[in-house]
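Asks: First the structure, which I've put down as structure tokens, then a few questions once you've had a look.
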Amino acid sequence: MKLLRYGPKGQEKPGLLDEEGRIRDLSDKINDIDGAFLASDRLAQITKLEMDSLPLVEGIPRLGPPVAGVGKIIAVGINYAAHGEETNFDVPDEPILFSKAVTALSGPNDPVILPKGSKKGDWEVELAIVIGRRAQYVKQASAMNVIAGYTILNDV
């Protein structure tokens, strides 16, 4: 299931992409795709809905960040061999973790705002893992229990 949020910035509504690539509105079923939704059993309930019964969204609306109210973004640096080679770093024995500001989140087609005076930006396509439940000291065997889903992230 491909969940999404659509609409003007700050006024996004929850939706999903049907099998034909059309956006279906979920706002009569859930308030938003946020931490409260992801941590509950609502995600399983949404999978049981008949997609054809959900209203179609007309036109081509703006897409927003797929999750509202993100608490934090934790990233892993130099996480594969080719990236280490291109940056002249060895892949570390342990993960290099760093955080990003949640204010940097935007929709996939929103403009990228670079700091004043910037001459060039740098970007990488990343796989983002959406953690849907409170997670601290999670054992590897239980890791999948806290993952709500995956998305693509343009790390600028």
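Asks: Among the residues of region 79-96, how many are over 25 Å from Gly132 (Cα atoms) and surrounded by 13 or more Cβ atoms within 10 Å (Cβ to Cβ)?
Replies: 3
Asks: Something else about it: Give me a count of the residues in region 1-34 that are of a type in the set (S, T, N, Q) and open to solvent by less than 30 Å² (accessible area, probe 1.4 Å).
Replies: Pass one, region 1-34, residues of a type in the set (S, T, N, Q): 11, 27, 31.
After this cut, where a residue has to be open to solvent by less than 30 Å² (accessible area, probe 1.4 Å) as well, the list is none.
Count: 0.
Asks: Restricting to region 107-139, name every residue that is within 14 Å of the chain's Cα centre (by Cα) and surrounded by 11 or more Cβ atoms within 10 Å (Cβ to Cβ).
Replies: Across region 107-139, the qualifying residues are Gly107, Pro108, Glu126, Ala128, Ile129, Val130, Ile131, Gly132.
Asks: Then there is this: Only residues in region 25-43 that are free of Cβ contacts under 8 Å to residues at least 40 places away in the same chain and under 14 Å from Arg134 (Cα atoms) count as the first member; pair them with residues that are assigned to a loop (DSSP other than H, G, I, E, B) and open to solvent by 50 Å² or more (accessible area, probe 1.4 Å), Cβ under 7 angstrom, at least 6 apart or cross-chain, and list the lot.
Replies: Listed by first residue and then by second, the contacts come to Asp34/Gly69.
Asks: For region 1-24, which positions are aliphatic (A, V, I, L, M) and within 24 Å of Ile131 (Cβ to Cβ)?
Replies: So the first thing to find is which residues in region 1-24 are aliphatic (A, V, I, L, M), and the list is 1, 3-4, 16-17, 23.
Met1, Leu3, Leu4, Leu16, Leu17, listed by residue number.
The values are calculated or read from the model by the stated rules, or taken from the named source; none is laboratory data. Because the structure is a prediction, the values reported are computed rather than measured. Every residue, glycine among them, receives a Cβ derived from its backbone with ideal geometry; neighbour counts consider all protein chains shown. Areas reflect the complete protein model, heavy atoms only, side chains present, ligands, DNA and RNA absent. Shrake-Rupley method; radii C 1.70, N 1.55, O 1.52, S 1.80 Å.
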